[in-house]
Structure formats: C-alpha cells, structure tokens
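Read through the structure below, which is laid out as structure tokens, and then see the notes.
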2 protein chains.
Amino acid sequence: MVQITLPDKSIKEFPEAVDGYEIAKSISPRLAKDVLSVSVNGEVWDLTRKITKNATVKLHTWDDREGKETFWHSSAHLMAEAIEHFFPGTKFGIGPTVDTGFYYDIDLPEGKQLSEKDLQKIEQKMLELARQKNEIVRSEISKEDALNMFTTKNDELKLELISELEDGTITLYNQGNFTDLCRGPHLPNTGFIKAIKLTSIAGAYWRGDEHNKMLTRVYGVTFPKQKMLEEYLAMLEEAKKRDHRKIGKEMELFTFSEEVGQGLPLWLPKGTQLRMQLEDFLKKVQKKYGYEQVMTPHIGDVRLYKTSGHYEKYGKDSFQTIKTPAEGEEYMLKPMNCPHHCEIYKWKPKSYKDLPIRMAEFGTVYRYEMSGELHGLTRVRGFTQDDAHIFCRPDQLKDEFKKVIDIIFIIFKAIDFKDYTAQISLRDPEKPEKYIGSKENWDKAEQAIIEACEEKGLKTVTELGEAAFYGPKLDFMIKDALGRNWQLGTIQVDYNLPERFQLEYIGADDNRHRPVMIHRAPFGSMERFIAVLIEHTAGKFPLWLTPEQAVVLPISEKYNDYAKKVSNFLNISDIRTVVDERNEKIGRKIRDNELKRIPYLLIVGEKETETETVSVRRQGEGDKGSMKTSEFADFVLNEVRDQLSGLYN
Amino acid sequence: MVQITLPDKSIKEFPEAVDGYEIAKSISPRLAKDVLSVSVNGEVWDLTRKITKNATVKLHTWDDREGKETFWHSSAHLMAEAIEHFFPGTKFGIGPTVDTGFYYDIDLPEGKQLSEKDLQKIEQKMLELARQKNEIVRSEISKEDALNMFTTKNDELKLELISELEDGTITLYNQGNFTDLCRGPHLPNTGFIKAIKLTSIAGAYWRGDEHNKMLTRVYGVTFPKQKMLEEYLAMLEEAKKRDHRKIGKEMELFTFSEEVGQGLPLWLPKGTQLRMQLEDFLKKVQKKYGYEQVMTPHIGDVRLYKTSGHYEKYGKDSFQTIKTPAEGEEYMLKPMNCPHHCEIYKWKPKSYKDLPIRMAEFGTVYRYEMSGELHGLTRVRGFTQDDAHIFCRPDQLKDEFKKVIDIIFIIFKAIDFKDYTAQISLRDPEKPEKYIGSKENWDKAEQAIIEACEEKGLKTVTELGEAAFYGPKLDFMIKDALGRNWQLGTIQVDYNLPERFQLEYIGADDNRHRPVMIHRAPFGSMERFIAVLIEHTAGKFPLWLTPEQAVVLPISEKYNDYAKKVSNFLNISDIRTVVDERNEKIGRKIRDNELKRIPYLLIVGEKETETETVSVRRQGEGDKGSMKTSEFADFVLNEVRDQLSGLYN
C-alpha cells in the first residue's frame, strides 16, 4: 500500500505503486487531462514514473512553473530530433528552458548553417513528430554505457558532460528516433505539444566560456493549444511596440552615451520632468504619512559596508573601492542607502517617544552588472530608489506595515495598476537556525504582517521559507496591460542592520532596546518603475503625470503668436504646455505630436485667434470640438484633480 | 629725472630718485598719512626705498591686500623682537601673513613654553616698542655675511633658509634691537602699529614636514587704530556664535559621521527641507527663464574626463578611478557636471533654431580635499551644484548673460543679500597665446559681458588677465552681515569644452558651427550657500525658506490635542508647523524653540482652546497678541507672499 499526501494535507491510499497520471485521474478527469508532471517529495518527476513508497506529491499543470518547464524541456528534445533529421551528425550541447520557452545549443556538421527557412522546416517536422504522439521513455544507464553510446555518436559535447557525472546517476530519455542524455522530467509523449514557434538563432560559446567553440543556439516556444501561441505572438508584437527603449526615444525621455558608460541613463528634460512629477507625488503622499526626507552622499567609507556586511557579501562583484591620494582612506559607491540612514539614526540618542522614525530619500545607488546583463532602464548600473527606512518599536510594526500598504495602494491607484497579487514570505519553520533575531520577535513580526494584510483586506499567498534571513517580508506583483508580471513594492522587516549598527532607543522602562527596521520602496527604482509604466501604458501616461500635457499647433506661422499666448496662459495655470512652431503642414504636426503621446493637441487658426478659443483633439480619440482657452484649462485641471482625488488629503 | 606712471595712467615727473612716501605726499597729505607700501613695476617695495628709474607704481593703503600684508609682516617682526626680549636664544623660522593677521614659527630655548600670560606680556612689549617708532631699515648683505651672522646667533633655522638662497639676493631688516632675514617689504617704522592682539598658539612642524622638529606657532593680528581691533574682536565673537557648524547642530540641519567619511555631510530632515525649499525656488525661477532640468549619473567613464581634459589636470589629486570586476572598464566619480551635459547636447543633432539650450541639474559632484582642509559645509568632498549650462550661438551670448544676471538678482533679493560687488575678468591683452578660441569670438564675448553688465546697471570692476584660458567671466562677491566677503555666482563663458566635445549646430547658412557654453551656478553649491546663509542670518532664515515656520506650544499636556489640531490646520494651509508635546514648563519650551530659530511660537492653553485662537510670539520680537488660527494662517501666508512677490511671475 502506498500513501500519497496531497498539498491540502489530504491522504490518498493506493494498493500498489502508482504514477502521477493515475493520482490525477483518481482526483478528476479534468486534472488527468491537464497534468504534465508531478513533484514527489519536492523533486519533479515524469508523470509515468512509478511511486513505490509513501510520498508527498503535487501535480503540475500548464499553470505551474514546473508544468511549463516539463513541457518546454520535452519540446527542446523534440526540436533536437527534428534538427538531427535534417542535419545528421549534429552534436547537442545543453537544451534548458528559459522564462518563456527553451533553447538548445548545437554544433552543426562542418560547413552547415541554420537559416530562417530551416527554422520553418524544423517547426514543420516537430509538428509532424508531435502528432505521432511518440512515447518519451526514461532509462537509467551506467556511465560506461553512456560513454560508449556517445563515443559511437562522436558527440564530444555530451561526452564532456557525462565525464563529469557520477556513475549510477545517469539517465537517458528516448522518443522516436532520438535519445538524449537528460535528467528529466519529461511529458509522457510528444502529442501534448500542439503549437510550435522557433523564435531566433544566436551564437553561444560552449558552456558560456569564450575560450570554447562557438555553438548555434536555437530558441523556441511551444504551447498545448494553437490559440495560446497566437496570443503569445500577438503579445510579443505589442511588447515590441511598447518597448520602453523605443518609446523612451520617441518621447525623448532618456538616452545613453558610450562615453558616460553603459547602464548609466542620462535623463533628458521630458524624462526628468516625469521623474520629478513622480517624486513630488510620492513626497506629498509620504509627508502625509509622517515621513521625513534626508539626503546622503553617494559614497561611504568601506568600513560602513564592512559593518553592514555588504562588503563581505558583494564586494568583489561590485564596483571596486575608490582610493584617495592620501593613504589609509577607501570609499565605495553606495550600493544601498540603509547604512547611511542607520548613521543618521545614530546622530543623537533616541527615546521610545521618538519612534517611529520614517526616513525617506530618493537615493541614487550604484551596483555593477555585467554589460551583457544590461537592458534599457530595467537593468542598469546606477538607479534611484524611492527608499525609506522605518525605525520602530516591535509593538509599532503592524501599524507601520499597514501604513506602508496604504501608500502602495495610493500609488497603484494613481498609476491605474488594477491587477496585483501579494505574497507573504515567512520563515521555514523547520530551519530556525537560518534566521537572525529572537523567535519571539519573529513570531511578532510574522503575526503583524499577516494581521496587517487581513485588516487591509489584501488577498495574499503565504510562502514558508521565503523570508530573508534577517526578516519576513511582503511582496507585491503587478500584472501589466500585456499580462506580464512585474515585482513592485517589497516591504521587508529587518532585525539584522539594527544589530550590526547597534541602533538603540531608551524604552519606557529606561533600558536600552533595539528598534526594528522596515525597508520599503514602492516604486522600487525610478528607472525600473518608469520602464514598467511606459510598457504598461505604451507611453500614454496618466494626464497628471505626463511630461507635456498639451501642445498648441498653429495652422500656419501667422498664428504662432496666438499659439504662444495660449501656451503662456496654460503654463501659468499649471498645465504643462508647449508650442509646435515648425513650418510644417498641420497634418504632419498632428501625426508627430500624437507620436510624442501628448494627451491634448490644441489646433489654432484664424477662427480660434478671433474667438480666443482652441480646437481640442484628445490623443487617440480625435476631435473634441472647440472651447475658450480658459474653459480648456478648467477642463484639464478638473481631469487632473479627478485622477488624484482622495490621494493626497 | 624720474617719470612715475600712476594707475590712472597719469605721469608724474620728479627731478631725482623718489620714494613711495614722497609720491603719495605729492598727490595728497591724506594719502601720505595712509600709505603703507608701494608697488613698483608690479613688485611691492618699502615706502622708503628709492625709485631711481622710470616706473609704473601703485600706492597701497590699509584698504589694499598689499598694504595690509606689509603692515602685518612688520608686525610679525615686532612680535619676534618682543619674544626675543623675553626669551633670548629663541630661534626664528618663518613669519608670514595670513588672511587676517600673521604668525611666526619659533623654536623656544630648551625647556621654555609659551602661556596665555606670556602672550599678554609680549603684546604689552610690542606696544611699547611700537610707541618708540623705531625705524625699520632694509640692508643688502652677502650670503657669507648672512651665514656668519646667524651662525653667531646659533639659529640653524635661518641658516637652513639662507643656504637655499642665491648670493646677491639676500636682504635683512632691522628695527630696534632685532634683525631678521627677510625679503620685505616693511613699514617705515613700528609706530604705524597701534593695536595688537596675539590670538593663539599652535604646534607646527618646521617647513610643514612631520619629520622635522615641532615648533611653536604664534598667531597675531594688528591694526592702525584701536577701534579697528575692537570691531574685529567683536566680529570674531559674533562669528563664533554664528558658526554654521554650531547653528547647524542646534537647528538639526546636518551632521557628519566618521563611518560615512570626512567631508561628506548627512542632511537631517530639517536641513533637507531647507535644501529642497531652495532647490524648488530656483527650479521655479529657472523654469520661468526657459531652463530644462536633466539628471545624470554621479560617475562617468574615465574617457569622458580625458576628453574634457579634467583627468590630465586633476586626475592624480582626485578620488582615484573605480575599477570593475570586468576588465577594460574604468570610471570616475564626477568632479563636475559639464561633460555629462555635453553628452546630452550630443544625443541628437541640433539646429540654430534649437538654441539656446539651457540645461540645469542639481548635480552632486565629488572632489578630493585633504582632510586637514575640510571645514563644515564650506569645504567638503561631496557637494551639490545648482549647475546649468547654456549652449548658445555667439549672437545670443549677451542676452543669455543678462538673463543669468536677472536670476542672480532674484536670488540675492530673496535671500536679502544687499551688499555685493561684481568683477569682470578679461584676457591679458599682452598674452593672446594663453587663450583658446578665436580673437573674434573673445572680442564678442568680452563685449557681450561688458554690455550686459551696463544694460543691467551693474557696478563692476574689470580685471585684465583674470579670465580663464577658455573664456571671460563675471564673478559676484557678497558681503555678509559681519562684513565678510563670499564669492557667489560666477558666470563663465567657455570655448574649450564645445571644442573638446566637438559640439555642433547647423546654422542658418547650412554649415556646422560650434555653440558657446556658459557655466553658471548662482548658489555655487547647496552646501556652501547654506553655510553662508546660516552665518549671514545667524540661522534666522527668511520665513519663506525656513524649515519650520511655526511651532505650537501647549501650556500643559491637556492642550496637546488642540495643539495638534492647530498644527494640522496650518500644515494643510501649507505652513510648515510642528508641535512641542514634551512634558516641560512653557518657559523652557519657549527657550528651546527660540534656539531652534522657529519664527512663530504659538502658545495654546485653556483660553485659546475655547476661542479657537493661538497666542503668537515672533522669534526674537516677543508677544504679538492672540488671533484666530485662520487669521494667523492668512497672516503668515501674506508674509511669505510679500517676501517672494515679483520673484516668480
């Protein structure tokens, strides 16, 4: 008899060894149809592999990361089979899954290359092989047999991999005419794969080492339904249009310069306006919540990071230290603001009455990333965090947590992020030794987070063992307009830094106590947040936020003076307005300014000049009729007020 | 016959050799009374030294730097004479002048030390010697005689100095019983010195080298009138009270931390509020003048500074370069913002119609200073410039210059700096090879500055040869409430960086042209400006600017709730208000908050709570009676509006 414990803690008993598919079938026919792989005591297995002893299992479908990985892993093998069909003698390196899809690094026979046309042929062959529903069979093999097999195949890449494995751990997977060295798991058969797209070809050094041979990397993605592939391709197409690097250029928000350095954005005037608008907004919200702004330098003595522990942990992978002409001094670009804020906390003694202290800074930090890892504004080497540290007493933790949740909600509302989830990360209850701080404090902190979320009516998932070693946390994930997930707004409890910096306050009992620290940055970084915002809105920012709210378009140069008069009036009324004075046709001016995503286009000609009106177009919506300039100003100011209503006061 | 050319180019003829005193007497009896030394063909001479050939001369009085230096230099000799009187056998090192006064490094006889009481004795002796009006006599001497003389005196310090001099260049000065090796010049006699104060004693290594013997450094200051000394001592006393480091601590504006590093200020909440208020103010003014804000990183590839020329010039005395884990990359903390702004200029091609571009950034820069040079906020290693660069066509230079002068005037007015002077620095017309850029452009630029100042009605002095090699400039000096001068607001024309960065615009003629750059930072740096502001106002900032405009003081804890209600109302009305909720006597609360320089103290007790009023005290002015809270709000908002009226709009 085999006892199977399911995630809901219920137990199913089976008379003899059972596989994942059979377990799924015993639960529901629908699940049996959808299941792709199974976790057995935490290890992902083939659906058809027999479970012979009592075990805890979890069934995986397309909705799980593990299910998708099984699916794409088998798809990589399928691709390899198709490639071998067309290019016999190809040697196969490794074929892992990626965020969306999979790749295989291959060494084509001498003189062969892959073209776009080849990719189409391979896709067709894969579909043909998939339709054959070839069984994918796992077998265990001795190291000697494995070496013999791939020696025969003359595949020195696999031989290199096998030589590093221990005997007794080697498995093969076979489907149709293709056998691969592989740890698995895989789908039961190739028939699960219904839709295939090979997306790109790239060069890649064998095992990522530039001293090795350059291989061909083929990327692909597959789905269990044709419709899913179509949706995915449409999303890719839309994502390309919304790429923040492209829109950032069109809207003149930011640029990069090789001379300044990679991953170091230069904010152009309109991007700076956008950033300042976001910063001012958050400053106002934070002021309402009792935050105080501070400013600290962008470097610190290396001792500071030795105290914080950052130097030991990240020092050698970071920007290196800065020496001075005098000996005995050594500085570092600050990779985070917390050590500086701890030093500010310490500048004078604190009493329990002084807490909570909410210390905020738009602090620019520098972290080294390899140049290959850099990407637009989402992966940079210098970025500004909307950072704050709350120093509080343990009994204040829940209340402070709730207030941070409030602030995050205000931001989500202002930016119109409607679709978000939250995750509470707690200790692994079985590994108490992993965590710093007393059990009592952890219990209190975890309880505070759970209750704060409940009291705020927040739907959460709770993950055990996902807490940092120095404290539990709450993470927010938002889903953007294209359905992509972005992590924003972590709230992290910290018992470690107060200890390392020996922060103290005098309690009501006249004794010294350690404050608790909360780290939080609702935007995360201004750079990444703006990138997400661009891709979420396709550059059509909320009216209150967008750098230029209106542009005046004179029909001909004759009306430039009136256009400037309108623009001056609107700017004095706090509506960010520019004039397009170029000597271009009005149609061209409209097109160009629509591309700049300016929400209001105000066309002025003879009639408007005479009647002191503007002819209003809303970007993407077309003509809104004409109105007095002052009416238009009221109209826009009301729209802005509506967007922000209830946020500040 | 000797022809003497005076600074106004007039020529005086004398039948035979003449000295400075005789020249002064020939001009006016008053001048003859005041004159202290004389420049002869650019070299400062004793007043009694005969001029035997035609020469260009300038007479120096107490109002000149050179006059004061002569006075203080003779005072150092006088002090040495008095010290030798009390401590025969003392050896004398060097005795130069400093900013205010002079010092002498001396080696007292074995076992002797100077006490405060000794200083008083020495002062008295100096006064006695001064009243004797002993003539100060210059003599030339051979190196051999000089060596013999100081060997007899057993003064190895002087012997070391003499051994480094060339024969034929050695002069001695004698007064009374004291003879010193000295280049001069000196006063005619000791009688000029009427008021004496020896200010302090310090240790100093001989010739500043820590391997040498530690000498005793005695500081002093002297004046031609007793009243001047009294005023000076009163000023010193007041300056001590106004020291920005002291007030910065009392008002909780900023602090330093050894762990973060020397010369790297940490801005506390109130100091940050002050900075942000200044920044917002300047941003608004600059927006009105067509400036656009940008943001750039705090580091740049070292190539950037090789292009700009800064690396070659300052590299080895600066913070050293930052290496990365990957090879071939090297960054520098940015010592200035201009190279980054040049890169922004270049991000897309420019036409003559795009100019002027006025690019502003509150840019934090880092420059290494030796730790001994650091001083509060006036000499730091990291500071934020209110920087902007104007890229314009040569024909726009005058207009842009005038607009920058406007902005500087607006700031001086807002801060209530009434006493300022301006200096125009032009080329040395005799050394055209020193300057980069065409003669034509220089002529234009110098003319533009001169005319801009004239048209703005600015009183200026013009200095030839004081221009930087890359362009002429205009400097503003302000005199603070203690009569001390501070340089603020340089406007610098630059032909060099546009050349080095190959900046271009397409002219109306369809050809490529170089723009001209103007550097300007009216505040200079936020750090230094705030230091000056603190010392000028003794921390009593203008109401619009001060971090906390009002504090509510409940008479007892019973009225804390009403106090908070008042504070909330005022904060919502945009008046920065705090509550002093401490359980202290009202007298103590008033004293403590006066020390924090909060302009309005609002006392609330039973009567105020019942009538919804506040009892108003103006800091330093006392009771202003009671008024409705809303009346008080209007009153304060009006005062702020009055202070800023006409500045923004």
>> Among (1) within 7 Å of chain B (Cβ to nearest Cβ); (2) closer than 24 Å to B:Lys334 by Cβ, there is one condition A:Glu292 misses while meeting the rest; what is its number?
In response: (2)
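Which of the following residues is in contact (Cβ under 8 Å) with a residue 60 or more places away in the chain, within 31 Å of the chain's Cα centre (by Cα) and surrounded by fewer than 18 Cβ atoms within 10 Å (Cβ to Cβ): A:Pro547, A:Pro498, A:Pro542?
Working: A:Pro547 fails: surrounded by fewer than 18 Cβ atoms within 10 Å (Cβ to Cβ); A:Pro498 fails: surrounded by fewer than 18 Cβ atoms within 10 Å (Cβ to Cβ).
The conditions single out A:Pro542.
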>> Quick test of your reading of the structure: B:Ser115 fulfils all but one of (1) surrounded by 21 or more Cβ atoms within 10 Å (Cβ to Cβ); (2) free of Cβ contacts under 8 Å to residues at least 12 places away in the same chain. Name the failing condition by number.
In response: (1)
> Among B:Lys353, B:Lys346, which is the only one that is facing chain A (nearest Cβ under 8 Å) and either open to solvent by less than 30 Å² (accessible area, probe 1.4 Å) or under 23 Å from B:Asp509 (Cα atoms) (or both)?
Replying inline: B:Lys346
>> So, B:Ala360, is that one within 25 Å of B:Phe383 (Cβ to Cβ) and of a type in the set (Gly, Ala, Ser) or not?
In response: yes
> Across region A:203-234, what is the number of residues that are under 21 Å from A:Arg379 (Cβ atoms) and touching a residue at least 24 places away in the same chain (Cβ under 8 Å)?
Replying inline: 3
> Only one residue in A:Thr199, A:Thr255, A:Thr272 is in contact (Cβ under 8 Å) with a residue 24 or more places away in the chain, among the β-branched types (Val, Ile, Thr) and either within 19 Å of A:Thr97 (Cβ to Cβ) or outside the structural domain of A:Ala24 (by TED's automatic domain parsing) (or both), so which one is that?
Replying inline: A:Thr199
>> Here is a list: A:Thr307, A:Thr255, A:Thr324, A:Thr272. Which entry is farther than 30 Å from A:Trp72 by Cα and either of a type in the set (A, V, I, L, M, F, W, C) or open to solvent by 40 Å² or more (accessible area, probe 1.4 Å) (or both)?
In response: A:Thr307
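Does at least one position in region A:27-45 carry a residue that is in a strand (DSSP E or B) and more than 22 Å from A:Cys182 (Cβ to Cβ)? Break it down into steps so the answer makes sense when it comes.
Of the residues in region A:27-45, the ones in a strand (DSSP E or B) are A:37-40, A:43-45.
Keeping just the survivors that are more than 22 Å from A:Cys182 (Cβ to Cβ) gives none.
Scanning region A:27-45 turns up no residue that is in a strand (DSSP E or B) and more than 22 Å from A:Cys182 (Cβ to Cβ).
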> Of these, A:Pro96, A:Pro88, A:Pro29, A:Pro15, which one is without any contact (Cβ under 8 Å) to a residue 40 or more places away in the chain, within 27 Å of A:Ile162 (Cβ to Cβ), open to solvent by 50 Å² or more (accessible area, probe 1.4 Å) and out of contact with any helix residue (DSSP H, G or I) (no Cβ under 7 Å at 6 or more places or on another chain)?
Replying inline: A:Pro88
>> Residues that are among the small types (Gly, Ala, Ser), in a strand (DSSP E or B) and in contact with a Lys or Arg (Cβ under 9 Å, 6 or more places away or on another chain): does region B:430-453 have at least one?
In response: no
> For region B:359-381, what are the residues that are surrounded by fewer than 23 Cβ atoms within 10 Å (Cβ to Cβ), part of a strand (DSSP E or B) and either out of contact with any Asp or Glu (no Cβ under 8 Å at 6 or more places or on another chain) or basic (Lys, Arg) (or both)?
Replying inline: B:Thr364, B:Val365, B:His375, B:Arg379
>> Out of the residues in region A:275-293 meeting the condition of being open to solvent by 10 Å² or more (accessible area, probe 1.4 Å) and among the aromatic types (Phe, Trp, Tyr), tell me which one is modelled with the highest pLDDT.
In response: A:Tyr291
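Table: residues versus (1) in a strand (DSSP E or B); (2) within 14 Å of chain A (Cβ to nearest Cβ); (3) touching a Phe, Trp or Tyr at 6+ places or on another chain (Cβ under 7 Å).
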{"residue": "B:Thr216", "(1), (2), (3)": "yes, no, no"}
{"residue": "B:Lys227", "(1), (2), (3)": "no, no, no"}
{"residue": "B:Glu230", "(1), (2), (3)": "no, no, no"}
{"residue": "B:Met235", "(1), (2), (3)": "no, no, no"}
{"residue": "B:Val260", "(1), (2), (3)": "no, yes, no"}
{"residue": "B:Thr272", "(1), (2), (3)": "no, yes, no"}
{"residue": "B:Gln277", "(1), (2), (3)": "no, yes, no"}
{"residue": "B:Asp280", "(1), (2), (3)": "no, yes, no"}
{"residue": "B:Lys287", "(1), (2), (3)": "no, yes, no"}
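Could we say that B:Pro515 is open to solvent by less than 10 Å² (accessible area, probe 1.4 Å) and under 26 Å from A:Glu259 (Cα atoms) here? Please lay out each step first, then the result.
Working: open to solvent by less than 10 Å² (accessible area, probe 1.4 Å): yes; under 26 Å from A:Glu259 (Cα atoms): yes.
Yes; evaluated as a whole, the condition is true for this residue.
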>> If A:Leu644 meets every condition in (1) within 30 Å of B:Asn568 (Cβ to Cβ); (2) surrounded by fewer than 18 Cβ atoms within 10 Å (Cβ to Cβ) apart from one, which number is that one?
In response: (2)
> Just a yes or no: is a residue in region A:70-79 part of a loop (DSSP other than H, G, I, E, B) and open to solvent by less than 60 Å² (accessible area, probe 1.4 Å)?
Replying inline: no
> Within region B:295-304, restricting attention to residues that are in contact with a Ser or Thr (Cβ under 7 Å, 6 or more places away or on another chain) and at the interface with chain A (Cβ under 9 Å from one of its Cβ atoms), which residue is least open to solvent (accessible area, probe 1.4 Å)?
Replying inline: B:His298
> Which members of region B:129-147 meet the condition of being closer than 17 Å to B:Trp72 by Cα and free of Cβ contacts under 8 Å to residues at least 60 places away in the same chain?
Replying inline: B:Lys133, B:Asn134, B:Glu135, B:Val137
>> Cβ-Cβ distance below 6 Å, separation of 6 or more or different chains: which pairs start in region B:573-586 with a residue that is closer than 12 Å to B:Val552 by Cβ and end on one that is open to solvent by 70 Å² or more (accessible area, probe 1.4 Å) and among the basic types (Lys, Arg)?
In response: B:Val579/B:Lys564
> If you scan region B:171-193, which residues turn out to be open to solvent by 10 Å² or more (accessible area, probe 1.4 Å), in contact with an Asp or Glu (Cβ under 8 Å, 6 or more places away or on another chain) and touching a residue at least 60 places away in the same chain (Cβ under 8 Å)?
Replying inline: B:Gly176, B:Asn177, B:Gly184, B:Pro185, B:Pro188
> Can you name every residue in region A:585-607 that is in contact with a Phe, Trp or Tyr (Cβ under 8 Å, 6 or more places away or on another chain) and β-branched (Val, Ile, Thr)?
Replying inline: A:Val604
> Considering only residues of region B:247-295 that are out of contact with any helix residue (DSSP H, G or I) (no Cβ under 8 Å at 6 or more places or on another chain) and among the basic types (Lys, Arg), which is nearest to A:Tyr291 (Cα to Cα)?
Replying inline: B:Lys270
>> Can you confirm whether B:Gly168 is farther than 14 Å from B:Met79 by Cα, open to solvent by less than 50 Å² (accessible area, probe 1.4 Å) and of a type in the set (Gly, Ala, Ser)?
In response: no
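So, in region A:305-338, exactly how many residues are outside any loop (DSSP other than H, G, I, E, B) and more than 8 Å from chain B (Cβ to nearest Cβ)?
Filtering region A:305-338 for residues outside any loop (DSSP other than H, G, I, E, B) gives A:305-308, A:310-317, A:322-323, A:330-333, A:338.
Then drop every residue that is not more than 8 Å from chain B (Cβ to nearest Cβ), which leaves A:305-306, A:308, A:310-315, A:330, A:332, A:338.
Of the residues in region A:305-338, 12 are outside any loop (DSSP other than H, G, I, E, B) and more than 8 Å from chain B (Cβ to nearest Cβ).
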> Which residues, counting only those in region A:526-539, are crowded, with 21+ Cβ neighbours inside 10 Å and out of contact with any helix residue (DSSP H, G or I) (no Cβ under 7 Å at 6 or more places or on another chain)?
Replying inline: A:Glu527, A:Arg528, A:Phe529, A:Val532, A:His536
> Is it the case that region B:306-318 has a residue that's at pLDDT 95 or above and under 28 Å from the mean Cα position of the chain (by Cα)?
Replying inline: no
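The values are calculated or read from the model by the stated rules, or taken from the named source; none is laboratory data. Quantities reported herein were computed from a predicted structural model and do not represent experimental measurements. Cβ atoms come from the backbone with ideal geometry, glycine included; neighbour counts cover every protein chain shown. To get the accessible areas, we keep the full protein, side chains included, count just its heavy atoms, and leave off ligands, DNA and RNA. Shrake-Rupley method; radii C 1.70, N 1.55, O 1.52, S 1.80 Å.
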